[in-house]
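One structure is given here, and the rest of the page talks about it.
The values are calculated or read from the model by the stated rules, or taken from the named source; none is laboratory data. Quick caveat, the model's predicted, so the values are computed rather than measured. With ligands, DNA and RNA removed, areas are computed over all heavy atoms of the protein, side chains included. Shrake-Rupley method; radii C 1.70, N 1.55, O 1.52, S 1.80 Å.
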Amino acid sequence: FKKAIYFGDDAGFLHCMNVDNGSNLWSYKTGSRIVSTPVIHQGKIVFGSTDGNIYCLDASSGNLIWKYLTLDVVMGNPIVVADTVFIGGSDGCFRALNLNTGEVFWEYCEVNGYIETKPVYTEGIVIFGAWDTFLYALDAKSGKLHWKWNNGSKQIHFSSAAVWPVAAHGKVFITAPDRFLTAIDIKTGKT
């Protein structure tokens, strides 16, 4: 729909509403609350649920296309690049899934905290923060770790876990609760 908004709620519903009059066009019920911000790409809407699933629905009808069960809640916010969904979960894994089928392209499961952030994709690398004090840079095709970065603090509350990184000019920029704006070289992971 061109004039629709999509959002999840604490009752576990993903809603599609008409922008003009606020009428509900459709709703899809998951097993638990939705914290994840949905993303729309090629007529499909993808999001995570705290029921542990990653969902892909038809954006027009709300019909289920696929769902992928993880080992814990999914509060991460997805992005889609071409036909790949990138999303992190609370099971310590960050995944690349096929947008059309839900098939796993790769999983990186060496994160020691949950992932709630929205990743950024740039120069063939996907970058995200986690509640283990690290910012991760993975190869978008293979899931191989390029680098992981830490601001020097061991306190998770000063980490880049909840930031939405931004990339430009060969750098990724974050502002974490440590109250610093940081520019990190995308190729090397150096501040």
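Rg and Dmax in Å for the range 45-191, alpha carbons only: what are they?
Gyration radius and largest Cα-Cα distance of the range 45-191: 14.8, 47 Å.
Rank Trp164, Trp26 by accessible area, highest first, at a 1.4 Å probe radius?
Trp164, Trp26
Where is the GNM fluctuation largest for the chain (alpha-carbon springs, 10 angstrom cutoff): Phe134, Phe86, Phe173?
Phe173
Ranked from the most accessible area to the least, with a 1.4 Å probe and all protein chains present, what is the order of Arg179, Arg33, Arg95?
Solvent-accessible surface, decreasing: Arg179, Arg33, Arg95.
In whole percent, what relative contact order does the range 54-114 give with Cα contacts below 8 Å and a gap of six or more residues?
The value is 24 percent.
Taking the chain as a Gaussian network, where each spring joins two C-alpha atoms under 10 Å apart, which residue of Ile40, Ile54, Ile127 fluctuates the most?
Ile40
Let me check the size of the range 1-63 from its C-alpha atoms; what are the radius of gyration and Dmax in Å?
10.8, 33
From the protein chains alone at 1.4 Å, what is the descending order of accessible area for His157, His146, His41, largest first?
His157, His146, His41
Given the protein chains as shown and a 1.4 Å probe, how many square angstrom of Asp20 are accessible, to the nearest 10?
We get 110 Å² for Asp20.
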